[in-house]
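What follows is calculated from the coordinates using simple rules that are stated; it is not laboratory data. Just so we're clear, the structure is a prediction, and the values are computed from it rather than from any experiment. With ideal geometry, Cβ positions are generated from the backbone for all residues, glycine too; neighbour counts draw on all protein chains shown.
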Amino acid sequence: MINIKTQEEIELIRASGRIASKTLDYLATKIKPGITTEQLDQLGHQFILDNCAKPSPLNYRGYPKSLCISINEEVVHGIPGKRRIKEGDILTIDITVNKNGFHGDTARTFMVGNVSERAEKLVETTRKSMYLGINACKIGAYLGDIGATIQNYIESLGFSVVRNFVGHGIGRNFHEDPQVPFYGKKGTGLRLKEGMVLTIEPMINEGTWEVVILEDGWTSVTKDGLLSAQFEHTIVITQDGPDILTLS
Ligand code: MF3
Ligand code: CO
Ligand code: CO
């Protein structure tokens, strides 16, 4: 069932989304070669608590940490740990916070110092594909329009769209209906309505779209070991088009 949000609910999601985005701004200043993903998790955890919010992933379906941090070939759901960031890495930090019972979900891929030209191209292409997907979120458009827009753009540049994970509705629950694939066909699937709140979070791979889940049960990595990037915003569909709820 898809919940249509009221104006009050939308503002509560925006308040959470702003904290999630501010946490990413703060962590951007802490990303340096040598820091571990566990240290970034601790800094982010504290920043979220200092803003009177809670990190939604912690204990969600048994997830053990507050943030998801995925380096290079890691696609999503990287569990923060002892891995140290080094010059040339790309890392995706995905943050969801809950304040006053509503969630806001946003992710960015950061480049550590000088990265390869290919890595930079992947990251910039992924960012652009997210905005193309967001711009497809208009009243009356089809869910498939979002996926088709992203997939066409990505594949025209020789990259691939991960199929195993999708975007989602969000609000009182971290993950709500509908599922939002980032591949598909124009004019298919459900019609978008005013007040729907969705995440647009394409996961884009340098090589094959196939992923493997590691023994920890969470971390997904590219099957070919090549790079992966992701950007995510939470948006609401309005009369004036998409409104991004995860801005700082
Ligand atoms: N934030 C992720 C998303 O965009 C979900 C993470 S689930 C977790 O949907 F348990 F790993 F945190
Ligand atoms: Co997320
Ligand atoms: Co999400």
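Remarks
- Computed over all pairs of different Cα atoms, the Kirkwood value for the hydrodynamic radius of segment 52-176 is 16.2 Å.
- For segment 7-244, the dipole from Cβ point charges (+1 on Lys and Arg, -1 on Asp and Glu) about the Cα centre works out to 120 debye, to the nearest 20.
- With Cα atoms as the point set, the radius of gyration and Dmax of segment 65-123 evaluate to 13.0, 42 Å.
- Two-site FRET efficiency, Lys82 against Ile213, from Cβ-Cβ distance with R₀ of 22 Å, rounded to 0.05: 0.65
- Average projected area [Cα convex hull, segment 196-248], square nanometres: 5.4
- Summing +1 for each Lys or Arg and -1 for each Asp or Glu among the other residues whose beta-carbon sits under 12 angstrom from that of Ser16 gives +3.
- Sites listed here are GluC sites (Glu not before Pro) in segment 181-228 whose DSSP assignment is loop and whose Cβ has at most 16 other Cβ atoms within 10 Å: Glu194, Glu210, Glu215.
- Value of [θ]222 nm, deg cm²/dmol, for the chain, DSSP H segments ≥ 4, -39500 (n - 2.57) each, nearest 500: -9500 deg cm²/dmol
- Across the cross-link table entries Lys30/Lys128; Lys185/Lys223; Lys32/Lys128; Lys5/Lys32; Lys99/Lys138, which are compared at the Cα atoms, the separations over 30 Å belong to Lys5/Lys32.
- The label-point distance for Leu157 and Ile139, in a model that sets each label 7 Å from Cα toward Cβ, rounds to 3.2 nm.
- For segment 103-205: Kirkwood Rh in Å [reciprocal of mean 1/r, alpha carbons]: 14.2
- Where Rh is the Kirkwood radius over Cα pairs, Rg/Rh for the chain: 0.95
- For trypsin sites (Lys or Arg not before Pro), the sites in segment 2-41 that DSSP calls loop and that have at most 14 other Cβ atoms within 10 Å are Lys30.
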